[in-house]
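What follows is a short report on a single structure.
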Amino acid sequence: MLRLPALATACVLAAALLYWLAGVLGAQHKLAALEPLPPRANYAVTLAFPPERFHQLRLQDKGRVVEVRKRTVYIMDMSPAALHDVAREYWVDTIVPWAGR
Amino acid sequence: MSATLAAPAPLRAASWSRRWSRPLKGLAGVLLLLAAWQVSVPLVGMSSYFYPSPADVIASFTELTRKGILPVYLADSLLRYLTGLTVGALLGVGVGVLIGLNRTASLALSPLFRFLFAVVEVAWIPIFVVWFGYGIKTIILALIYVVFFPVLYNTLLGVRTAPQILVNAVRSLGANRWQVLRLVILPSALPGIITGLRVGAGFAFRGLVFAEIIAAKTGIGYLIFEGTQSQQTARTIVGMIVMGLLWLAIDQFYLRPIERATIERWGLTVDAEQRT
């Protein structure tokens, strides 16, 4: 009787799980070269395209965005947890340590 | 054995045709509209800011997805929508049952609710912004407000039209007030509650767009607004299409099956398919 709602919910949950799993695996791959992570550090986050306001606002939640140059956003004082959050975003291409200003 | 029980081939074909003819006709209508839209773009001869083509909209959809904007906005809108819908529906059912069963509560609250029902949620949003600031609280409050009244009035109707003969029958068997409510009144009111929920869910969608335009920095409503602000009209149309498709999916996969199941189980008809 309620097969359709159950099926739709299962599909949505499966899609959400895959999205989350892809993010976790992507983050591991992007951060592999940076391990072990220091308590707080500065990073240059490069996107696959020039960042829009949406991306800058999201990155601002994770640290102090100090500069945007072409496709790269420079962020200071990022914690390991915040760095993992950023790395999980599929639109983040690469993350490298940055000496800061 | 199974061969004797299986439906004859012409009957199976007729059933298949009946099942798929409606969605196929609907799809044909959409394709026809898209084709007319695409053909009209060079004839109109305006820039894509004024009159984007379907190709522009598809390109915009791809870009928004590739940049991660659309999934986040969609998730944010859905979370707000489901939270507002759930809380609004629970409050509507609770208050509806209370008013339906208690004459004093009905006399005290009915005029107030009639007054509030007339004040649309768009009028409340600026006040909510003053009280709670921009963001999720304001949006969810607006959605609760929108969902509350249709659920309340349909619950009230369901409670008041519960068959008195069944109430008397259960009472005569020694049922207490809680048992009367659980065994007779709530099941009788359930088709009304579900109808109210479906109406409220539709209202909540409109409320969500209004609230996100005014009080949010993310969400599909915000995308619709921001698209025109940044002269990216194709993004606005993507937002409108996503909103429409989302509503169709929610209605088709959740609200209609739940309403049908409820009416078949507790309503007055055996085959609710005819009603939808």
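The values are calculated or read from the model by the stated rules, or taken from the named source; none is laboratory data. Fair warning: this is a prediction, and the values are worked out from it, not measured in the lab. Neighbour counts run over all protein chains shown; Cβ positions are idealised from the backbone, glycine included. The protein model used for the area step is the full one, side chains on, heavy atoms only, and it has no ligands, DNA or RNA in it. Shrake-Rupley method; radii C 1.70, N 1.55, O 1.52, S 1.80 Å.
General observations
- Principal-axis analysis of the Cα atoms of chain B puts helix B:103-118 at an angle of about 10° to the longest axis.
- Helical runs assigned H by DSSP (4 residues or longer) give chain B a calculated mean residue ellipticity at 222 nm of -27000 deg cm²/dmol, each run adding -39500 (n - 2.57) before division by the residue total.
- Projecting label points 7 angstrom from Cα along Cα→Cβ for A:Gln28 and B:Thr65 puts them 2.6 nm apart.
- Accessible area per residue for the protein assembly as shown is 58 Å², calculated with a 1.4 Å probe on protein heavy atoms, without ligands, DNA or RNA.
- Extreme residue, positive dipole direction of region A:3-97, given options A:Tyr43, A:Tyr90, A:Pro5 (C-beta unit charges): A:Pro5
- Under 15 Å from the A:Leu4 label point (7 Å along Cα→beta-carbon), backbone N, region B:48-81: none
- With a 10 Å cut-off around each Cβ of B:63-69, the average count of Cβ atoms from other chains is 5.
- If R0 is 25 Å, the Cβ-Cβ spacing of A:Asp77 and B:Lys137 corresponds to a FRET efficiency of close to 0.30.
- Acute angle (nearest 10 degrees) that the helix B:256-266 long axis makes with the longest principal axis of chain B, alpha-carbon atoms: 10 degrees
- Per residue, the convex hull spanned by the alpha carbons of region B:72-268 comes to 119 Å³.
- Compactness of region A:3-97 is given as radius of gyration and Dmax, 15.5, 51 Å, from Cα positions.
- Diffusion coefficient (Stokes-Einstein, Kirkwood radius over C-alpha pairs, 4 °C, 1.567 mPa s) for the protein assembly as shown: 52 µm²/s, rounded to a whole number.
- Simple Cβ-charge dipole of chain A, Lys/Arg +1 and Asp/Glu -1, about Cα centre, in debye nearest 20: 160 debye
- Förster radius 51 Å - calculated FRET efficiency between B:Trp37 and B:Phe117, Cβ distance, rounded to 0.05: 0.85
- Pairs of lysine residues in the protein assembly as shown - Cα separation under 22 Å, sequence separation of 8 or more or cross-chain: 9
- The protein assembly as shown, accessible surface, carbon-and-sulfur percent (1.4 angstrom probe): 68 percent
- The residues of region A:1-45 occluded by other protein chains by 50 Å² or more of accessible area, set against the chain on its own, are A:Met1, A:Leu4, A:Pro5; surface from heavy atoms, 1.4 Å probe.
- Mean partner shielding of peptide B:250-262, defined as the number of other chain Cβ atoms within 10 Å of each residue Cβ, is 3.
- Each of the peptides B:87-97, B:193-203 was scored by the mean count of other Cβ atoms within 10 Å over its residues; in descending order, highest first, they stand as B:193-203, B:87-97.
- Protein accessible surface hidden between B and A, which excludes ligands and nucleic acids, total in Å², probe 1.4 Å: 1500 Å²
- Most to least packed among B:61-74, B:176-189, B:38-51, B:208-221 [average Cβ atoms within 10 Å]: B:208-221, B:61-74, B:176-189, B:38-51
- Part-to-part distance (alpha-carbon centres) for region B:95-140 and region B:230-250, which is given in Å: 29 Å
- Note on chain A: with a GNM built from Cα contacts shorter than 10 Å, the maximum mean-square fluctuation among A:Val68, A:Val86, A:Val12 falls on A:Val12.
- The chymotrypsin sites (Phe, Trp or Tyr not before Pro) of region B:97-171 meeting both criteria, a DSSP state outside H, G, I, E and B (loop) and at most 14 other C-beta atoms within 10 angstrom of the site's C-beta, are B:Tyr134.
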